[in-house]
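The values are calculated or read from the model by the stated rules, or taken from the named source; none is laboratory data. Predicted, not measured: the structure shown is a model, and the values here were computed from it. With ideal geometry, Cβ positions are generated from the backbone for all residues, glycine too; neighbour counts draw on all protein chains shown. Surface accessibility is based on the protein's heavy atoms, side chains included, excluding ligands, DNA and RNA. Shrake-Rupley method; radii C 1.70, N 1.55, O 1.52, S 1.80 Å.
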Amino acid sequence: MTTEDTDARPEPEHPDAYARLGALMSRLHAYGLETVLQRRKLIVINPKAPGCCDDVPRRADTVSCKPREDDGSRLWFFHSWGEPIAEANHIVDAALTVATTLGAPTARGGPDE
């Protein structure tokens, strides 16, 4: 095995990550968001909010679920840019954060409020 082989490998998948992403996906539907669940990530799209440019026509984020090293390796959700969202067992908090980030209406206000 070469160094290139080990560098090309993705980080190991946590056994609970897919189930946690699935739970988050279900909760995000309550905010009218569209989702695509993949093996290691959850793509979340706000179909009612414009994106930044022609290449990104709708506001979106790709959420991952992995251990957070600075929190005892507990499982956390992360935005595509690497910012932590919430611990992975806090589904409601994570969904609200993602919905707010994408400008989806929440019970407390409308988009971008």
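Odds and ends about this structure:
- Applying a DSSP loop filter and a limit of 13 other Cβ atoms within 10 Å to the chymotrypsin sites (Phe, Trp or Tyr not before Pro) in segment 48-112 leaves 81.
- The modelled label-to-label distance between residue 83 and residue 40, using points 7 Å beyond Cα along the C-beta direction, is 2.3 nm.
- Förster radius 25 Å - calculated FRET efficiency between residue 107 and residue 52, Cβ distance, rounded to 0.05: 0.40
- Per DSSP, loop trypsin sites (Lys or Arg not before Pro) in segment 26-64 with at most 10 further Cβ within 10 Å: 39
- Where segment 16-113 is the region considered: accessible area per residue in Å², 1.4 Å probe: 57 Å²
- Mean shadow area of segment 44-109 over all directions, Cα convex hull, nm²: 4.9 nm²
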